[in-house]
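Okay, structure first, notes after.
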Amino acid sequence: MREAPIGVFDSGVGGLSVLAEIQRLLPNESLLYVADCGNIPYGEKTAQFIQQRCSAIAGFLQQQGAKALVVACNTATVAGVADLRRDYPQWPIVGMEPAVKPAAAATRSGVVGVLATTGTLQSAKFAALLDRFATDVRVITQPCPGLVELIENGDLHSPTLRQLLQSYVEPLLAAGCDTIILGCTHYPFLKPLLKQMIADDISLIDTGAAVARQLQRLLAERDLLAHGAASAAQFWTSGEEQHFRNILPKLWTSSGIVQKFDV
C-alpha cells in the first residue's frame, strides 16, 4: 500500500494548486487527479448534488487503488467530507478550509480580507471558523463570482480578469486589510497578478501547503508514505478532454496523462 497513489479531486482545475503542494512536499508519491469540470461551478449546485459527486468520484478513486483522498475544493469539503469520512473509514481523508486561523495570527492591522466563492462564504463551516479563530480581528469577506470560470478557461492575466480581480481586491485594501485569505483552490494561480495590485507588506494566505502537511502526517501515522519513485500523474476530467489538455501546461509543471471521467 505504501506505493499506492494518492487520489485528489476538485470541481475543476483549482485543486491543481493543492496537487502542486503535495508533489512539492511528497515527491515520492504517485498522484491521481479528477477534475469534475463538467459540473463546475459547485458553488451554484445543491448540497445534495455535490454530495453525490463526491461519493461518485471517491468510489472511482478507490477503484483506481488510491490509498488516501484529498478533497481539494472548499465547497465540496463543506458539503461532502463528513459523508466521505463516514463511508470510507479506512481512508486518510483531508479536506480544505479557508485559512482563518493563520490569517488571524498573522495580521498586524487587525483586519483580514477573504476572497472566496459565495458558497464558501455562506457556509456554516466558514461561520464556525470565524467564531472560533477570528473573534479578535475584523474580517472583510468578498465573494468573487466569475473568477473560477475565467481560470477554468486558462485565463490568468487578461484585461478582463485583471479588471474583475481589481474590483474584488479594492474594497479589502480600502478597509485596511494587511492579510488576504485566498479561500478557493483556484485563486493561488492568481498570486502573480494579485501581487501587482497590493503592497509588498500585505500577506496572501492559502491552505495548499497546510493540506499537504496534514496529508503527510496522516500517511506517516499509518506507515503509508511512499519510498520509491513516483509515477507520472494521471488526470481525469468530466469536461472536454482536449480543453483540459490545453490548459494543463499553464497550471501544472510536470507531464501527465489526461483521460475522460464518465462516472
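The values are calculated or read from the model by the stated rules, or taken from the named source; none is laboratory data. A quick note: this is a predicted structure, and the numbers were derived from the prediction, not measured. Note that we place each Cβ from the backbone using ideal geometry, even for glycine, and neighbour counts take in every protein chain shown.
Summary table below
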quantity	calculated
Qualifying residue in the range 43-61 (condition: surrounded by 24 or more Cβ atoms within 10 Å (Cβ to Cβ), in contact with a Pro (Cβ under 8 Å, 6 or more places away or on another chain), at pLDDT 95 or above and of a type outside the set (S, T, Y))	no
Residues located in the range 66-104, provided they are part of a helix (DSSP H, G or I) and aliphatic (A, V, I, L, M)	A76, V78, A79, V81, A82, L84, V100, A103, A104
Failed criterion for Q62 (all others in (1) under 13 Å from the mean Cα position of the chain (by Cα); (2) assigned to a helix (DSSP H, G or I) hold)	(1)
One residue from I40, I22, I93, I50 being among the β-branched types (V, I, T), out of contact with any Lys or Arg (no Cβ under 8 Å at 6 or more places or on another chain) and more than 18 Å from V148 (Cβ to Cβ)	I22
Hits in the range 121-171 - residues which are more than 21 Å from G15 (Cβ to Cβ), of a type in the set (V, I, T) and modelled with pLDDT under 95	T135
Positions within the range 236-263 being under 16 Å from A56 (Cα atoms) and assigned to a strand (DSSP E or B), in sequence order	W236, T237, K260
Scan of the range 84-94 for residues that are without any contact (Cβ under 8 Å) to a residue 60 or more places away in the chain and in contact with a helix residue (DSSP H, G or I) (Cβ under 6 Å, 6 or more places away or on another chain), ordered by number	L84, I93
Residue check for A229: of a type in the set (A, V, I, L, M), surrounded by 18 or more Cβ atoms within 10 Å (Cβ to Cβ) and touching a residue at least 40 places away in the same chain (Cβ under 8 Å)	no
Top-ranked residue of the range 1-43 - restricted to ones that are among the charged types (D, E, K, R) and in a helix (DSSP H, G or I), ranked as nearest to M96 (Cα to Cα)	E21
Pairs where the first residue, in the range 31-58, is more than 22 Å from W91 (Cα to Cα) and the second is among the β-branched types (V, I, T) and in a strand (DSSP E or B), C-beta under 7 Å, 6+ apart	C37/T237
